[in-house]
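The values are calculated or read from the model by the stated rules, or taken from the named source; none is laboratory data. Here the structure is a predicted model, which is why all the values come from computation and not from measurement. Please note: Cβ atoms are built from the backbone with ideal geometry, for glycine as well, and neighbour counts cover all protein chains shown. Surface areas here come from the heavy atoms of the whole protein model, side chains and all, with no ligands, DNA or RNA. Shrake-Rupley method; radii C 1.70, N 1.55, O 1.52, S 1.80 Å.
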Amino acid sequence: MTRHPAARAAALLAALAAATALAVTGCGGDGASGPELSARDAFIPEPATADLAAGFLTVENAGDADDTLTSVTSDLAGTIEMHETVDNTMRQVDSFTVPAGGALTLARGGNHLMLMDLTGKPTEGETVSIELHFEESEPITLDVPVESATHTGE
């Protein structure tokens with residue numbers, strides 16, 4: 001039995017609409033993937049004293065939603081503060097936004113990490129384990145190299 005051309009077209013359109021709906025919703029989801037974080041270019045310059053050290057890195061977000069860096073921990077430091085630098089003045093902040101489709105860059109002269117109450121003075125060539133904690137995403141653990149005191153990351 002042959003279907004009428006209009007009936008075939010209607011069936012084809014219905015099938016196409018159903019397939020499109022499944023593709024868009026991701027099998028029942030809302031189509032959003034959320035934040036997709038990764039970290040790169042991390043380093044700690046060898047500090048001049050055993051009291052504190054700075055940390056620099058970039059957190060990239062390939063996802064479609066912002067996330068927030070809420071804290072950083074390490075066995076090397078009793079405390080790690082997040083600092084922003086505005087008009088050559090640094091101040092502690094509670095968090096940093098990692099924008100969707102963008103990056104959070106912590107760099108010399110700008111926003112950065114301050115590792116305080118160190119358990120020992122890190123030296124060039126060593127690595128320091130740090131863990132980045134986020135509002136939405138799972139923590140990211142990094143083995144961060146200790147570079148020369150003058151290293152800029154470039």
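Placing R0 at 35 angstrom, the Cβ-Cβ distance between Glu135 and Ala107 gives a FRET efficiency of 0.95 after rounding to 0.05.
What's the Cα-based Rg to Rh of the range 49-106, Rh via Kirkwood? Mind showing how you got there, number by number?
Values: Rg = 13.0 Å, Rh = 12.9 Å.
My calculation puts Rg/Rh at 1.01.
Residue by residue, the range 53-63 carries 3J(HN,Hα) couplings of 9, 10, x, 9, 5, 10, 10, 9, 10, 7, x Hz when phi is fed to the Karplus relation 6.51 cos²θ - 1.76 cosθ + 1.60 (θ = phi - 60°); x denotes Gly or Pro.
Close amide H pairs (under 5 Å, H built 1.01 Å from N) link Val128 with Val144, Val146, residues at least 5 positions away or on another chain.
In order along the range 127-140, phi translates into HN-Hα couplings of 10, 10, 7, 10, 10, 9, 10, 10, 5, 10, 7, 5, x, 10 Hz, rounded to whole numbers, per the Karplus curve 6.51 cos²θ - 1.76 cosθ + 1.60 with θ = phi - 60° and x for Gly and Pro. Taken over the range 28-154, the alpha-carbon convex hull comes to 108 cubic angstrom per residue.
Could you please report the charge total around Val72, scoring K, R as +1 and D, E as -1 over all other residues with beta-carbon less than 9 angstrom from its beta-carbon?
On the way: positive: none; negative: Glu81, Glu131.
Around Val72, the surrounding residues sum to -2.
Think of a 1.4 Å ball rolled over the protein heavy atoms: the range 58-129 then has 52 Å² of accessible area per residue. Scaled against 2.2 N^0.38 Å for its residue count N, the alpha carbon radius of gyration of the range 112-154 is 1.34.
At a 1.4 Å probe radius, carbon and sulfur cover how many percent of the accessible area of the range 67-131?
Details: 1470 of 3400 Å².
On the range 67-131, the fraction of accessible area on carbon and sulfur atoms equals 43 percent.
Around the Cα centre of the range 56-142, unit charges on the Cβ atoms of Lys, Arg, Asp and Glu (plus for the first two, minus for the last two) sum to a dipole of about 380 debye.
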